[in-house]
1. So how many residues does the range 269-319 have that are on the phi > 0 side of the Ramachandran plot and charged (D, E, K, R)?
2. Within the range 253-271, track down each residue that is surrounded by 24 or more Cβ atoms within 10 Å (Cβ to Cβ) and more than 15 Å from W326 (Cα to Cα).
3. Would you mention how many residues in the range 175-207 are among the basic types (K, R) and within 20 Å of M225 (Cα to Cα)?
4. How do the strands (runs of 3 or more DSSP E) wholly within the range 221-315 filter down when requiring 1 or more residues that are within 22 Å of P205 (Cβ to Cβ), of a type in the set (A, V, I, L, M, F, W, C) and touching a residue at least 40 places away in the same chain (Cβ under 8 Å): which remain?
5. Do you know which residues across the range 230-239 are surrounded by fewer than 22 Cβ atoms within 10 Å (Cβ to Cβ) and in contact with a helix residue (DSSP H, G or I) (Cβ under 9 Å, 6 or more places away or on another chain)?
6. Is it the case that S64 is among the hydroxyl-bearing types (S, T, Y), part of a loop (DSSP other than H, G, I, E, B) and closer than 17 Å to E347 by Cα?
7. Quick test for you: out of A280, A292, A276, pick the one residue that is touching a strand residue (DSSP E or B) at 6+ places or on another chain (Cβ under 8 Å), surrounded by 24 or more Cβ atoms within 10 Å (Cβ to Cβ), over 16 Å from Y319 (Cβ atoms) and of a type in the set (G, A, S).
Amino acid sequence: MAKRKAGGAVSRRKFLTTTGTLVASGPVVGKGALRSPGVSNSATAAVPAEAKAPRAIPIGVFDSAFDSLSLDEMIEKIGELGIEAVEVRAKGLPGSRHCPAADLLADPAKARAWKKKFDDRNIRVGALSVHGNPIHPDPAIAARDDQFLRNGVLLAERLEVPVVVGFSGCPGGSPADKTPNWITYRWPPEVNDMLAYQWSERVIPYWRQAARFAREHGRRIALEMHPNFVVYNPYTLMRLREAAGEEIGANCDLSHLFWQGCDPIETIRYLGGHGAIYHAHMKDTLIVNGPAAQTGVLNFSENPAKSTEGSVYFRAVGYGHGAQLWKEVVRAYMETDYQGILSLENEDPILTGALGVERSLYVLKNVRAELLAPS
């Protein structure tokens, strides 16, 4: 078969024939209204009043998919694939192979040279990632991860990158705790007290000052809604944003929201309608009917190498939900005037590394082309 250029679009018929079988094992839940803390329900589906021409949102990649490559090799690879943007780890968990943050902060000339490598290939650096837990109950870990975040903001300012991506973190359930305590339910009563302590004493005070720091340097912080952290769904994201400031927004990674029962389109409309989406990870989720029906969606495999044995595991875009769903996802980002990049994060245990990126890119480039085609 003739080799096709990775970045090119294929015909609609061929595309839908190829991807039509990539359907979800679990159904998408019905559309329901979501309410933000302190925001009337009438605002939850807010979208721009005037229709705009759809914007070709840049398709990028999270550099973790290319950990085996050097910086120059990675740039060459993503250029060959026709990827238009990149999200780069700037220290944090795990560490960074492609961004020597300390060196770039210490030497403006090195920072300019680093950025020029991407500029020369017309690749947009859309975000820096500094994942960690800056409110960890261990003071040493909290201080380390807080410094990672601050350095990420400073480096983003120097490189003129608008967004820093991270996690909200999770504290203990009391001042005496030594390890984080992820609380999702308010009963029995002592658990509700623990949750109140977390938010009033640790979460809000920390993120208010972090938001202020980001504001001083003209950057935004995109928090991934992720299990084991206090911000894990749209409600908790909006609760923190309301308390800390508009510098705090979402890294809208739908892979963690599919299994929680969120409708992806309603989620994007809800957060995007409030201007609260600053970054978007593009990653799919497969809910396996048999195990999920028997044991529920929180049955994740203990062994990451055997993640397919659980009820839920991550897939490349189009391999958990079909191309039509992802077309509506991209449409929702366009309609809510999302200004960031669509960052492919590949954690597919079957289509690993560059292969999963290529398959995801195939789906996203084609649904985007369909949406941008003249009607």
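1. Residues that pass the stated criteria total 0.
2. Once the filter is applied, which keeps residues that are surrounded by 24 or more Cβ atoms within 10 Å (Cβ to Cβ) and more than 15 Å from W326 (Cα to Cα), the range 253-271 yields Y270, L271.
3. Adding up the residues that qualify gives 2.
4. The strands (runs of 3 or more DSSP E) meeting that bar are 248-251.
5. N233, R239
6. It is false that S64 is among the hydroxyl-bearing types (S, T, Y), part of a loop (DSSP other than H, G, I, E, B) and closer than 17 Å to E347 by Cα.
7. A280
Readers should treat all values here as calculations from the given coordinates under stated rules, not as data from a laboratory. Treat the numbers as computed from the prediction; the structure is a model and nothing was measured. No Cβ is skipped: glycine too gets one built from the backbone with ideal geometry, and neighbour counts run over all protein chains shown.
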